[in-house]
Amino acid sequence: MTKAPKEAQKTKPVVLVTGASGNIGNDLCTALKSEYTVIGLDIRSCEAADDSHECDLTARDSIKLTLHKIRDKYGPKIAAIIHLAAYFDFSGQSHPLYQKLNIEGTQILLEELQDFEVERFIYSSTMLVHEPTVPGQKINENTPLNPGWAYPRSKAGAEDAIKDHHGDIPYT
């Protein structure tokens, strides 16, 4: 569902947003559209993106096919990938999607992006991956990691997957 004119798409840098149909993804797509050609990837379409692809980020074939379509339409250069897609539930219990989507999906996405020219892979993690501190003590990048339950453990696992599988793609 391409909405922007083809000329604009070719002159503006391309940004991919995973989890684009979620609240944060939708707002981010809207905010970026004036400066970038925004391509949304999610299990359902994202109206706020310039172009949206329904993609199952737990399935290599779906990721591979989606990236092939994007390369055919926009070429191999991607200014940024903003990876918001993740599974979360409020139970605090383990769920198979924590592993399959949050960790393995991130790994597969990075592996399938290796033939693209990606300027930056931006991952949205959580401060919950850090060891708890006392009230008033700030958490920063140097705070030890010690996620205490299923969701932050999966986010820490995704961070490890990024470190292990980013190849030449710079990441944040």
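The values are calculated or read from the model by the stated rules, or taken from the named source; none is laboratory data. Being a predicted model, the structure only gives us computed values, none of them experimental. Cβ coordinates were reconstructed from backbone atoms using ideal geometry, including for glycine residues, and neighbour counts include every protein chain displayed. For the accessible areas, the whole protein counts, side chains as well, though only heavy atoms, and no ligand, DNA or RNA atoms are used. Shrake-Rupley method; radii C 1.70, N 1.55, O 1.52, S 1.80 Å.
General remarks:
- Long pairs among LYS12/LYS33; LYS12/LYS64; LYS12/LYS69; LYS33/LYS73, criterion Cα-Cα beyond 21 Å: LYS12/LYS64
- Furthest towards positive pole of dipole, ALA85, PHE116, ASN142, structure part segment 63-155, Cβ charges: ALA85
- Simple spin-label estimate for LYS73 and GLN137 gives 4.9 nm between the two label positions (7 Å along the Cα-to-Cβ direction from each Cα).
- Accessible area per residue, Å², the chain with all protein chains present, probe 1.4 Å: 54 Å²
- Just the protein heavy atoms count here, and of the accessible area of segment 84-172 at 1.4 Å, carbon and sulfur take up 51 percent.
- For segment 41-146, the set of trypsin sites (Lys or Arg not before Pro) satisfying both a DSSP loop assignment and a count of at most 16 other C-beta atoms within 10 Å is given as ARG44, ARG120, LYS138.
- CD proxy at 222 nm, helix term only [per DSSP H run n ≥ 4: -39500 (n - 2.57); per residue of the chain; nearest 500]: -9500 deg cm²/dmol
- Using a Förster distance of 30 Å, the FRET efficiency for ASP115-LEU145 (Cβ separation, nearest 0.05): 0.45
- In the calculated pair-distance distribution of segment 39-85, the portion above 17 angstrom amounts to 29 percent of the Cα-Cα pairs.
- Per-selection metrics, segment 14-53 (Cα): Rg and Dmax in Å: 8.2, 25
- Förster-model FRET efficiency, 25 Å R0, ASP27 and LEU128, C-beta, rounded to 0.05: 0.70
- Kirkwood-Stokes translational diffusion coefficient of the chain, alpha-carbon pairs, 37 °C, 0.692 mPa s, µm²/s: 197 µm²/s
- Förster-model FRET efficiency, 30 Å R0, SER91 and ASP168, C-beta, rounded to 0.05: 0.20
- Sites listed here are GluC sites (Glu not before Pro) in segment 99-172 whose DSSP assignment is loop and whose Cβ has at most 11 other Cβ atoms within 10 Å: GLU141.
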